[in-house]
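**Q** Mind looking over this structure? Questions follow.
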Amino acid sequence: MKQESSIEPVFIKHEFAHYEQAEARRRVAGFYRLMNARRSVRDFSSEAVEFEIIEQAIATAGTAPSGANMQPWRFVVVKDNDIKRRIREAAEHEERLSYEGRMPERWLRRLAPLGTDWHKPFLEIAPYLIVVFRIDSVVDDETGEREPTYYAAESVGIAVGLLLAALHTAGLATLTHTPSPMKFLGEILGRPKSEKAFVLIPVGFPAENVRVPDIERKPLNEIMSVI
Ligand code: IYR
């Protein structure tokens, strides 16, 4: 016989906002304008950023929905210069191998409009690097057994979206950087094997007169179907 869970769900009241449609339209359009002005930045200022802003943004990321509410994320904030330097060295080592041989021609062609290469000075210049880890398994408090988390990648992806939005609304620049392979991040940052580096996000003010690639977003009719 399959064991049934003896845990009873508990439901509580929750206050949801309910706006007039005109107000809802204004709000959603405002959020669109805010997020449409976000751009990935690879050229950062070293100007200091209050840590409280980073904390609040990570708290926001932690509000993301997650598989079985297991919240399978860990946000490691790196401000230490020595650690940043080690991360840069390891990332540039991997990236150099990638750009100079591991990435197929068609991938490099896709990246050409972004103007990227293996040099990653932003890893030392940005005041913070947030390394997001995906927690793949946890040890159950009661049984002591290791069990998987559920939909971890989807959950962490949503949390990262909220993190980027929160940092952007504070006027901070971000980049979703994925040095590949990312195994060195868990090693340098001393994370357990159950945690996998998911993305590395440099955070700070953009460099003065920063420029971003001249690329475009797909129009709505190319990203939405209505049936
Ligand atoms: N990780 C490399 C290459 C790279 C890959 C993708 I997909 C991008 O959208 C951008 C860059 C780098 O960070 O340069």
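**Q** Regarding the chain, what is the average projected area of its C-alpha convex hull, in nm²?
**A** 18.4
**Q** Provide the net charge surrounding Y19, with neighbours chosen by a C-beta distance below 13 Å and charges set as Lys +1, Arg +1, Asp -1, Glu -1.
**A** +1
**Q** Against the empirical 2.2 N^0.38 Å scaling, what ratio does the C-alpha Rg of the range 65-126 come to?
**A** Rounded to two decimals, the normalised Rg is 1.50.
**Q** Give me the lysines in straight-line cross-link reach of K84: C-alpha distance below 22 Å, same-chain residues under 8 apart excluded.
**A** The qualifying lysines are K120, K183, K193, K196.
**Q** If you don't mind, there's one more thing I want to ask. Loop only per DSSP, at most 14 neighbouring Cβ atoms within 10 Å: give me the trypsin sites (Lys or Arg not before Pro) in the range 40-113, ordered by residue number.
**A** Passing both the DSSP loop test and the Cβ count: K79.
**Q** Residues with beta-carbon under 12 Å from that of A112, excluding A112: net charge, scoring Lys, Arg +1 and Asp, Glu -1?
**A** +1
**Q** Counting helices only, and only those DSSP H runs with n ≥ 4, report the 222 nm mean residue ellipticity of the chain as the sum of -39,500 (n - 2.57) divided by its residues, in deg cm²/dmol to the nearest 500.
**A** Calculated at 222 nm, the ellipticity per residue is -11000 deg cm²/dmol.
**Q** Given Cβ point charges of +1 (Lys, Arg) and -1 (Asp, Glu) and nothing else, what value in debye, to the nearest 20, does the dipole of the chain about its Cα centre take?
**A** Rounded to the nearest 20 debye, it is 800 debye.
**Q** Quick one: pull the percentage of alpha-carbon pairs in the range 121-227 with a separation above 21 Å.
**A** Summing the P(r) of the range 121-227 above 21 Å gives 52 percent of all pairs.
**Q** Let me ask you something else. GNM, the chain, Cα, under 10 Å: largest mean-square fluctuation among A59, A37, A159?
**A** A37
**Q** By per-residue mean of other Cβ atoms within 10 Å, what is the highest-first order of 184-197, 18-31?
**A** Top to bottom by mean Cβ count within 10 Å: 184-197, 18-31.
**Q** Please give the contour-minus-distance gain from S137 to Y151: 0.36 nm per residue of separation, less the Cα-Cα distance, rounded to one decimal in nm.
**A** Answer, rounded to one decimal: 3.9 nm.
**Q** If you filter the range 83-171 for GluC sites (Glu not before Pro), then keep DSSP loop positions with at most 10 other Cβ within 10 Å, what is left?
**A** For GluC sites (Glu not before Pro) across the range 83-171 that sit outside H, G, I, E and B with at most 10 neighbouring Cβ atoms in 10 Å, the list reads E142, E145.
**Q** Oh, and also: Around E89, with a cut-off of 15 angstrom between Cβ atoms, what is the net charge of the other residues, counting Lys and Arg +1 and Asp and Glu -1?
**A** 0
**Q** Another question about this same structure. Kindly write out, for the range 222-227 in residue order, the coupling ³J(HN,Hα) from the Karplus curve 6.51 cos²θ - 1.76 cosθ + 1.60 (θ = phi - 60°), rounded to whole Hz, with x marking Gly and Pro.
**A** Ordered by residue, 3J(HN,Hα) equals 9, 10, 10, 10, 10, 10 Hz.
**Q** I've got another one for you. Provide the packing ranking of 111-123, 169-181, i.e. peptides ordered by the mean count of other C-beta atoms within 10 Å per residue, highest first.
**A** 169-181, 111-123
**Q** Ok, one more. Which of the helices in the chain meet the span-like rule: DSSP H, Cα axial reach of 18 Å or more, Kyte-Doolittle mean at least 0.0?
**A** Qualifying helices, which must be both long enough and hydrophobic enough, are 152-169.
**Q** Amide H neighbours of S137 under 5 Å, counting only residues 5+ apart in sequence or on other chains, H built in-plane at 1.01 Å?
**A** Under 5 Å from the amide H of S137 lie the amide H atoms of T149, each far enough along the sequence or on another chain.
**Q** Using a simple spin-label model with points 7 Å from Cα along the Cα→Cβ vector, what separation in nm is obtained for I227 and W118?
**A** In this crude spin-label approximation the distance works out to 4.6 nm.
Values in this text are rule-based calculations from the coordinates and carry no lab data. Quantities reported herein were computed from a predicted structural model and do not represent experimental measurements. Glycine gets a Cβ as well: all are built from the backbone with ideal geometry, and neighbour counts include every protein chain shown.
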